[in-house]
Amino acid sequence: MNLAKALASVGGLTLASRVLGLVRDSLFARYVGAGFASDAFLIAFRLPNMFRALFAEGAFASAFIPMFNKKVGDTKGPGLPAGIAFAEQALSVLLPVLIVMTVALEVFAWPVTFLLSGGFNDVSHEQFAFAVTLSRMTIPYLMLISLVSLLGGILNSLSKFWVNAAAPILLNLTLIVALLGFHSDDPLITARNQAIGVSVSGALQLAWLVLACRANGVSMRLRLPVWNADVKQLLKLILPAAAGAGAVQINLVISTALAAYLLPHGSVTYIYMADRLNQLPLGLIGIGLGTVLLPTISRQLGAGQEGAAMETQNRGLELALLLTLPAAAALIVCGGPIAAALFGYGKFDAADVTFTAQALAAFSIGLPSYILVKVLTPGFYARQDTRTPVRYAMISMAVNLAGNLILIVPLQHMGPPLATAIASTVNVAMLYFALVKRGHFTLDARLRRRAPRLALAAIAMGVALWFGQSLVMPYVHGTWLVRGLALAVLVSSGCLVYGLATVVSGAFTRDDLRLLRRRRPA
């Protein structure tokens, strides 16, 4: 498989989703602002996202995809029908769990919202009741998006990466329609309509994946729960992976709860908006790479191609550094004009923009490590080792908790993002050295030569942007067109400097460029 081509397919659609997400967030900032209403919605949205990542996208996918691929790729078996039968068995166990969990969360939404928010900072009983109502509105999304993740995992295993990558676009379009068509002068009403839109989008995404599966010859039947060797093995792999994903989600919960409880209203929104900007390169590069690498490496290992699997992971790491290092430099240096252009109007004032830019700089310090986690963990999951990443995630969680407690008071809204960046860097270091120690990964000569040169090129770009950003600042408060053109100039200038710097530093040579031209299809 052409890794760059597959990444471009997934990354392009993910980029489209992220861009729409920024449009959604810009409208959200305009109509809701940064205050209790925005914090209440974002905490309600955190609930289904937390359990989705815990039980579906993270733990379930990392355990399910290698087993599904093994069934489909077995030359002595029936192939795809065996994979579909296994998927039906997995669904028979997953669906009842999701139904019970959804009902339980609806019933206990009050204490769950309290845990997620720390009770908020100085709110009335009526305000907290409103936050609980928003949580109940978003909870059905948990079950719907978990089923989407199951179907998306099947399509990813069949190399239909683009279908699942396109699904989040429906979430953003739904919420954009809700903001444009159902906003109100009262931020509380707008926040409520957004909560309703979340669950509506989950139903639309599920319908999209069901139709796509049928179009690709995958039609699943509902059946009574099956308890056989395959299901037992799946659960055996899921549980440690869920613990690892749970560590990450607990980190987010702790950070959000501390911010809601200890910091002024709006702090949760600053951190969220900064994270959304940070998620743009993470979605384009990290999630795309993770989506492509896991089924690719598991397929190569299943065929006994250890060398090919290591080559795939080296190229994945190279792509990650090539795209991530300049993104981190740009977000650290240019957070002010970026946040102003995207969010700085309507109910989102100048102080909100400044605080968001500060949180973004803290998040972006860890951007390379966030993405390298996505590149390194498939090396464990493809070998059906879900326990090792769990241990490291637990250690990372402890580092993040300590960092939050130490940093949140002196650094305010910058504390939780910086703690997250530090914890992620620790996690990457442990994953890397474990793979190297086991002989499952070695940096090849090409990557050892390019990595430091890419870092130098990113630093050069950051310096250029630092001195050049003042030229675009007067234009980031104009109309949408003027703001867009200002950001386009800023981004294109950074790309140009970075491209030239990679050539000057020797990260890419003339031979590399000739090889790339030779590989282009006629």
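The numbers here are math on the coordinates, done by the rules we state, and not lab data. Bear in mind that the values here come from a model prediction, so they are computed numbers and not experimental data. Backbone-built Cβ (ideal geometry, glycine too); neighbour counts: all protein chains shown.
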Query raised in the report: Modelled label-to-label distance, Asn228 and Met101, 7 Å Cα→beta-carbon offset: nm?
Result: 2.4
Requested in this report: Quick one: order Glu318, Glu88 by neighbouring beta-carbon count within 10 Å, fewest to most.
Outcome: Glu88, Glu318
Query raised in the report: Separation between the Arg438 and Leu485 pseudo-spin-labels, each 7 Å from Cα along Cα→Cβ, expressed in nm?
Result: 5.4
Query raised in the report: By count of other Cβ within 10 Å, fewest leading, how are Ser38, Ser199 ordered?
Result: Ser199, Ser38
Query raised in the report: By counting other Cβ atoms within 10 Å of each Cβ, how are His125, His413, His440 ranked from fewest to most?
Result: His125, His440, His413
Requested in this report: Pop a pseudo-label 7 angstrom from the Cα along the beta-carbon direction at both Trp110 and Cys495 and give the gap in nm to one decimal.
Outcome: 5.3
Report summary line: Extension length gain for Ile459 and Val93 (0.36 nm per residue less Cα distance), in nm, is 126.8 nm
Report task. Starting from the Cα gyration tensor of region 35-239, take the square roots of the eigenvalues, sort them a ≥ b ≥ c, and report rounded, prolate or oblate (rounded when a/c is under 1.5, otherwise prolate if a/b is larger than b/c, else oblate). Result -> prolate
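Once the Cβ-Cβ distance between His125 and Met473 is put in as r, and R0 is 41 Å, what FRET efficiency do you end up with, to the nearest 0.05? Intermediate values should be presented prior to the final figure.
Values: r = 44 Å, r/R0 = 1.07.
The value I calculate is 0.40.
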**Report entry** Within region 35-239: Cβ-based charge dipole about Cα centre, in debye rounded to nearest 20 (Lys, Arg +1; Asp, Glu -1)
**Finding:** 1000
